[in-house]
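What follows is a set of notes on a single structure, which appears directly below.
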């Protein structure tokens, strides 16, 4: 970087002894030209992780989508809502995710994508306030979600190997699961992806063996109750439509409904942000995230559809609703399904801890929240967020001891819906604003798909549970307001600037259609030429222009070519300084500077260049 101080023209009408504030500020101005990355970027030292579309996006997303719901809740849901009802739930959920992925892919293919995934994208599009509010809630969803998944691992271990163990056995197993995920996360993205691929192979094998056992195993009575009758089209027809019964899973023995069953299995359609959370570790995030996530969503949908058909054609409703371990009891070796449950919940826990830490690192680097800057540190080379990983683990481990987390589980679901809605909203607003910089390589989206994705996510969030959706929105509003009243030293060129520009342009053109304004709507638009900003005339100008505009103008006399060159070099700095003075003193005014060979010519040029379109001064105060 280099800097240059432009000299103040001696012939400036803005005299030093009359404008002490501006003269002092002018000395501090340094015109700096730099090249390099955004200050919020990660350190460029060394080589970053270079993950591909399979190990960096497809596998993490699929591992998170094919979670414990597949093994423990999908058969129960088929028993309650019928396989056709569950299929419609998955169609609706997958439509949400596909529309969101289309918006996500469009945004990511528009330019350089850095660490932080969806938070980075939302904050750069919708501004630091909404982006920061969504980012911190999304991060907390991951941190608390890691506890849920670890508790699932602990519960499966307890039921399989320590069935008589008490509460503290469950706490110990959960804590050990979190500790194992912590150690893997600290090892870095390379180890994480290698372990993920291994876990994916194990999970795929468990699902395949479980599905084949349901379809082809001989009929038998199940250890947990009910009977496996073998696949038949008769059972498939009988189990097609809903037959809701009272169940404690739907709330204190209440009769289940479509919405309550949908709320329970909804986590099965989440997990699409896992690839985006690793954006800083991918070789080509703009290309790979959209493609890999779409393939993961489609693969998961096929797996769920086949398994719900297999369950609907192989068990009666009493077995499906009364025995949550029908897959374990039907499989030729129940340990295979138990391992699948452990792998699905363990990989989800690992993904939540790993992805959440990267969101926290990105939040810390943006310095939106005071005292968090130290969490933005990353290791040399791979930029691993070790501090953020440790803090995320501490939060997750603390949640293990706070008791029953089921009460806040619906709020976490609402946070995910809000994140997906904001992703669609960001893409919609950027597209509508017409900013020239929005030229995505990914073309399988439109304003209609963005709007549909936003509306669908908001509608589903309130449909699942309006009360918890309101709580989630209230949480986001609190953080948003807190960030709104905090001075943000950021200039990310978010969509708000583009939207304001479009609105101003639209109404300026509309105002310009009227050749002469009516006398009843006339208001003074002041051009103020004054050599003392402490003069009462400044406040007088601000008073009479109520509802109009005020421009503080500075004519600069440059009689010789040397003076003209010096005036030109100081032009931008002088406007910035005058604008700063106006801002500090709370004046609602614009500033303008004009150069001329004489004072008369400088003032004449100032009159000509002040204002735009119909918003031009009609009153001059000297």
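The values are calculated or read from the model by the stated rules, or taken from the named source; none is laboratory data. Please read these numbers as outputs of a predicted model, since none were measured by experiment. Cβ atoms come from the backbone with ideal geometry, glycine included; neighbour counts cover every protein chain shown.
The residue that is farthest from residue 171 (Cα to Cα), among those in the stretch 386-410 that are in a loop (DSSP other than H, G, I, E, B) and in contact (Cβ under 8 Å) with a residue 24 or more places away in the chain, is 405. If I filter the stretch 100-109 for residues that are touching a helix residue (DSSP H, G or I) at 6+ places or on another chain (Cβ under 7 Å), touching a residue at least 40 places away in the same chain (Cβ under 8 Å), outside any helix (DSSP H, G or I) and over 19 Å from residue 490 (Cα atoms), do I get at least one hit? Yes, some residue in the stretch 100-109 is touching a helix residue (DSSP H, G or I) at 6+ places or on another chain (Cβ under 7 Å), touching a residue at least 40 places away in the same chain (Cβ under 8 Å), outside any helix (DSSP H, G or I) and over 19 Å from residue 490 (Cα atoms). Criterion applied to 434, 470 was being surrounded by fewer than 19 Cβ atoms within 10 Å (Cβ to Cβ), assigned by TED's automatic domain parsing to the domain that holds residue 137 and within 30 Å of residue 370 (Cβ to Cβ), and the one residue passing it is 470. If you filter the stretch 555-588 down to residues that are outside any helix (DSSP H, G or I) and over 30 Å from residue 521 (Cβ atoms), you find that the one that is modelled with the highest pLDDT is 555.
Being surrounded by 19 or more Cβ atoms within 10 Å (Cβ to Cβ) and within 22 Å of residue 120 (Cβ to Cβ) is a property that does not hold for residue 456. Would the stretch 157-170 turn up any residue that is out of contact with any helix residue (DSSP H, G or I) (no Cβ under 7 Å at 6 or more places or on another chain), closer than 13 Å to residue 344 by Cα and assigned by TED's automatic domain parsing to the domain that holds residue 308? No, the stretch 157-170 has no match at all.
If we keep just the residues of the stretch 350-385 that are outside any loop (DSSP other than H, G, I, E, B) and surrounded by fewer than 17 Cβ atoms within 10 Å (Cβ to Cβ), which is modelled with the lowest pLDDT? Selected residue: 373. Can residue 317 be described as touching a helix residue (DSSP H, G or I) at 6+ places or on another chain (Cβ under 6 Å) and either surrounded by fewer than 24 Cβ atoms within 10 Å (Cβ to Cβ) or closer than 22 Å to residue 151 by Cβ (or both)? Taking the combined requirement at face value, the residue satisfies it. Residue check: is residue 332 assigned by TED's automatic domain parsing to the domain that holds residue 93, touching a helix residue (DSSP H, G or I) at 6+ places or on another chain (Cβ under 7 Å), surrounded by fewer than 18 Cβ atoms within 10 Å (Cβ to Cβ) and outside any loop (DSSP other than H, G, I, E, B)? Here the answer is no, as residue 332 does not meet what is asked. Within the stretch 174-188, none of the residues are in contact with a helix residue (DSSP H, G or I) (Cβ under 7 Å, 6 or more places away or on another chain) and at pLDDT below 90. Based on what the data block shows, is residue 163 closer than 19 Å to residue 323 by Cα and modelled with pLDDT under 90? When the stated conditions are applied, residue 163 passes them. Among the residues of this structure, residue 56 counts as one that is touching a strand residue (DSSP E or B) at 6+ places or on another chain (Cβ under 7 Å) and part of a helix (DSSP H, G or I).
Note on the stretch 493-503: among residues that are surrounded by fewer than 19 Cβ atoms within 10 Å (Cβ to Cβ) and closer than 12 Å to residue 128 by Cβ, the one that is modelled with the lowest pLDDT is 493. Taking the listed residues 135, 115, 145, the one that is in a loop (DSSP other than H, G, I, E, B), under 30 Å from residue 486 (Cα atoms) and touching a helix residue (DSSP H, G or I) at 6+ places or on another chain (Cβ under 9 Å) is 115, with no other qualifying. Looking at the stretch 252-261, is at least one residue touching a residue at least 40 places away in the same chain (Cβ under 8 Å), assigned by TED's automatic domain parsing to the domain that holds residue 60 and on the phi > 0 side of the Ramachandran plot? No, the stretch 252-261 contains no residue that is touching a residue at least 40 places away in the same chain (Cβ under 8 Å), assigned by TED's automatic domain parsing to the domain that holds residue 60 and on the phi > 0 side of the Ramachandran plot.
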